[in-house]
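Taking it in order: structure first as structure tokens, then the write-up.
Just so it is clear, none of the values below were taken in a lab; they were calculated from the coordinates. It should be emphasised that the depicted structure is a prediction, and the values quoted were computed from it without experimental measurement. Cβ: placed from backbone, ideal geometry, glycine included. Neighbour counts: every protein chain shown.
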Amino acid sequence: MKRMFIAAVLLVSCLAATYLWAKGDGTSGVRAIIKLAKGGEIVINLYPKDAPKTVANFIKLAKKHFYDGLIFHRVEPGFVVQGGDPNGNGSGGPGYTIPGEFTENGVNNTQTHVKGAVAMARTPDPNSAGSQFYICLDAQPSLDGKYAVFGQVVEGMEYVEQIQVGDKMEKVTIVGGGASKKKGAKAAATTTPVAAETTPTESGK
């Protein structure tokens, strides 16, 4: 009887863990893989449930090879690395902007700036993100709710920590499916070009 009880508890625990895994992380099995020109790959889980328009935009740009060959133009040790600017200096974007999907902009995005979090850079205008993104080198709670976190590094964080200014993204590939077909996930762009997607500061301001 005791063995049967233990087995039942284990079964319930496994089922509960499976349910939480499927429901709780905001992912739908879609990932981005950043292949670095100097070697190594960074694998990112994307969060279409929390930031559907941001994820859809990132996927669109990646599939158009927008990111291929671009550099990481900013490295702040202990803070972030940033890339995705076609100008290579933090001033450029794709020629349009997308809505900012974060709490202070009225969007219920529950993802936080933990180590390895991937989020969109923007100007002081909350709806000014375009293509530039950053990866947190450490937890940055002061940024929570102020920038759109749309992914999480799940493999290759050691390569993120080795990135230097000028390192090139050889190729960005999207694997898995479902995010681009999600209802409401179409990236809504404005006609206002991004003059400069200013990066987050360590104070979060």
Once you put a point 7 Å from the Cα of E161 and another 7 Å from the Cα of K38, both along the Cβ direction, what distance in nm separates them?
1.6 nm
Flagged links, alpha-carbon separation over 20 Å, of K64/K171; K35/K146; K53/K171
K35/K146; K53/K171
Using θ = phi - 60° and Karplus 6.51 cos²θ - 1.76 cosθ + 1.60, couplings along region 75-83 (whole Hz; Gly, Pro as x):
9, 10, x, x, 10, 9, 10, 9, x
For E155, distant residues with modelled amide H under 5 Å away
V43
Would you mind putting 86-99, 103-116 in packing order, based on average other-beta-carbon counts within 10 Å, highest first?
86-99, 103-116
Each label sits 7 Å from Cα toward the beta-carbon; between A139 and V175 the label points are separated, in nm, by 2.9 nm
Contour excess over end-to-end distance, with Cα ends at Y96 and K168 and 0.36 nm allotted per residue
23.6 nm
Sorted by packing (mean other beta-carbon atoms within 10 Å per residue), highest first, where do 32-38, 158-164 land?
32-38, 158-164
Separation of the V75 and K63 label points, Cα + 7 Å toward Cβ, nm:
3.3 nm
Let me check I've understood the local charge: for E155, count other residues with C-beta under 10 angstrom from its C-beta, Lys and Arg +1, Asp and Glu -1. What total comes out?
-1
